[in-house]
Amino acid sequence: MKVSILNLVPVREGQNYQQAIASMVKLAQHAENIGIERYWIAEHHNMKNLTSSATALLIQHALANTKTIRVGSGGVMLPNHSPYVVAEQYGTLETLYPGRVDLGLGRAPGTDMKTAAALRRGRYDFDFPTDIAELRGYFKNTNAVSAYPAAGLNLPFYILGSSTESAFLAAELGLPYAFAAHFAPRMMEMAIAIYRQNFRPSPYLAKPYVILGANVIVADTDEEAKYLATTQTQFFLNVVTHAQQNMQPPVESEEVLWTQYTASKEPVHFGPVDLQTIPIYHQERAAVEQMTSCSLIGSPQTVAFRLAQLRKQIHFDEMMAVSYIFDEALQAKSYTLFKAIVDAYSTDA
């Protein structure tokens, strides 16, 4: 089993954008040093706490500051872009760094609809399968116009998704499929089963290849990992509430976090009340817990056990790990520990 890393290039509290990009590069270099398969960089727009808007530029910067690791788009949100421009950009990257570029493709805009309109400049007639076919045509040089230097290059495509629709498409096209269980795990088992059952071998892939996105936080002890994971909880609470806070340092515990959040959100004006007994106060928490249910958090022993359980539940070939850990040294350590866990698991298996 392979391990890759997904980076949304978050801005930590106290950082500016330049420092966040420097952290991205530092993590890419660490990933290369510990033998990570590939380093995915996401695409998001109009989110002040993330720096992953100009994805192709960040990929080029990561490639320029590493030597061997593959770097991919996790992913290009194709509705936002002209397939022709994508071919030119990623063809150029492949020309500069041959054999090190992966092109992950998604069908969502990765932003709100107003921003999507600004990105598309009035183009609303997009069709994901048609756009993929057009993009492939530029690399095969079979379209009416050519996209240089993409023409003739064999750049690996990946379908990224969080739904059964993306699973059917990846299977029909015979492409690797990356499922975003790190934030949308609800359809995980169904989508991966659909992909494997309907897969059609292609010139690009002989058999199904599944990449599973998951949140991973490994520390020396379960207690430390749970403490570090309160940063992840705050990150997803941001997503649910659209707060767009920078990545926050960990807090004492999950319970302390939710107690403080509930008290600050809804001050009680009608006397002493146990907020834990009122269902409406649990909406955000329930949403966060559902989004993060595919998380491997704990000591190496705990995470190894959870990984084995997950592999029994779902067969996947690669784990795309994302770790929302505030301290950069502890984040690097978490990835090092996780890579050792996977290597030991793969040897035993």
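The values are calculated or read from the model by the stated rules, or taken from the named source; none is laboratory data. Keep in mind the model is a prediction, meaning the values are calculated, not measured. As a convention, Cβ positions derive from the backbone with ideal geometry for all residues, glycine included, and neighbour counts pool all protein chains shown. Please note that ligands, DNA and RNA were not included when accessible areas were found on the heavy atoms of the full protein model with its side chains. Shrake-Rupley method; radii C 1.70, N 1.55, O 1.52, S 1.80 Å.
Numerical summary
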| item | result |
| --- | --- |
| Residue within region 179-202 that is in a strand (DSSP E or B) and touching a strand residue (DSSP E or B) at 6+ places or on another chain (Cβ under 9 Å) present | yes |
| Sole residue being within 25 Å of Leu169 (Cα to Cα), in a helix (DSSP H, G or I), open to solvent by less than 70 Å² (accessible area, probe 1.4 Å) and touching a strand residue (DSSP E or B) at 6+ places or on another chain (Cβ under 9 Å), chosen from Ile132, Ile59 | Ile132 |
| Tabulated pairs, region 1-26, first touching a residue at least 12 places away in the same chain (Cβ under 8 Å) and among the basic types (Lys, Arg), second surrounded by 15 or more Cβ atoms within 10 Å (Cβ to Cβ) and in a strand (DSSP E or B), C-beta under 7 angstrom, 6+ apart or interchain | Lys2/Glu318; Arg12/Met247 |
| Tally of residues being part of a helix (DSSP H, G or I) and within 25 Å of Val342 (Cα to Cα) across region 1-51 | 11 |
| Count - residues of region 1-42 that are under 17 Å from the mean Cα position of the chain (by Cα) and either under 30 Å from Tyr345 (Cβ atoms) or open to solvent by 10 Å² or more (accessible area, probe 1.4 Å) (or both) | 23 |
| So Leu153, is it part of a loop (DSSP other than H, G, I, E, B), within 27 Å of Ile5 (Cα to Cα) and not small (Gly, Ala, Ser) | yes |
| Subset of region 62-81 that is in a strand (DSSP E or B) and not polar (S, T, N, Q) - its residue that is farthest from Phe128 (Cα to Cα) | Arg70 |
| Region 43-56, residues that are in contact with a Pro (Cβ under 9 Å, 6 or more places away or on another chain) and open to solvent by less than 20 Å² (accessible area, probe 1.4 Å) | Asn49, Leu50, Thr51, Ser52 |
| Region 135-163: number of residues that are open to solvent by 20 Å² or more (accessible area, probe 1.4 Å) and of a type outside the set (Ser, Thr, Tyr) | 13 |
| Subset of region 93-117 (residues that are buried (at least 17 other Cβ atoms within 10 Å of the Cβ) and farther than 13 Å from Ser53 by Cα) | Leu93, Glu94, Tyr97, Arg100, Val101, Asp102, Leu103, Gly104, Leu105, Gly106, Arg107, Ala108 |
| Extreme residue, nearest to Leu307 (Cα to Cα), among residues of region 218-229 that are aliphatic (A, V, I, L, M) and assigned to a helix (DSSP H, G or I) | Ala225 |
| Residue under evaluation Ala87, criteria (1) buried (at least 21 other Cβ atoms within 10 Å of the Cβ); (2) over 26 Å from His182 (Cα atoms); (3) free of Cβ contacts under 8 Å to residues at least 40 places away in the same chain, criterion not met | (3) |
| Members of region 217-239 found to be open to solvent by 40 Å² or more (accessible area, probe 1.4 Å) and either in contact with a strand residue (DSSP E or B) (Cβ under 6 Å, 6 or more places away or on another chain) or of a type in the set (D, E, K, R) (or both), listed by number | Asp220, Asp222, Glu223, Glu224, Lys226 |
| Residue count for region 164-178, restricted to those that are out of contact with any strand residue (DSSP E or B) (no Cβ under 9 Å at 6 or more places or on another chain) and open to solvent by less than 10 Å² (accessible area, probe 1.4 Å) | 1 |
| Identity of the residue in region 240-253, open to solvent by 60 Å² or more (accessible area, probe 1.4 Å) and at pLDDT 90 or above, that ends up nearest to Ala184 (Cα to Cα) | Gln245 |
| Selection from region 203-217 of residues that are touching a Leu at 6+ places or on another chain (Cβ under 7 Å) and part of a loop (DSSP other than H, G, I, E, B) | Tyr204, Leu205 |
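Condition check ((1) modelled with pLDDT under 95; (2) open to solvent by less than 50 Å² (accessible area, probe 1.4 Å)) across all residues:
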{"site": "Thr259", "(1), (2)": "yes, no"}
{"site": "Phe316", "(1), (2)": "no, yes"}
{"site": "Tyr324", "(1), (2)": "no, yes"}
{"site": "Ala340", "(1), (2)": "no, no"}
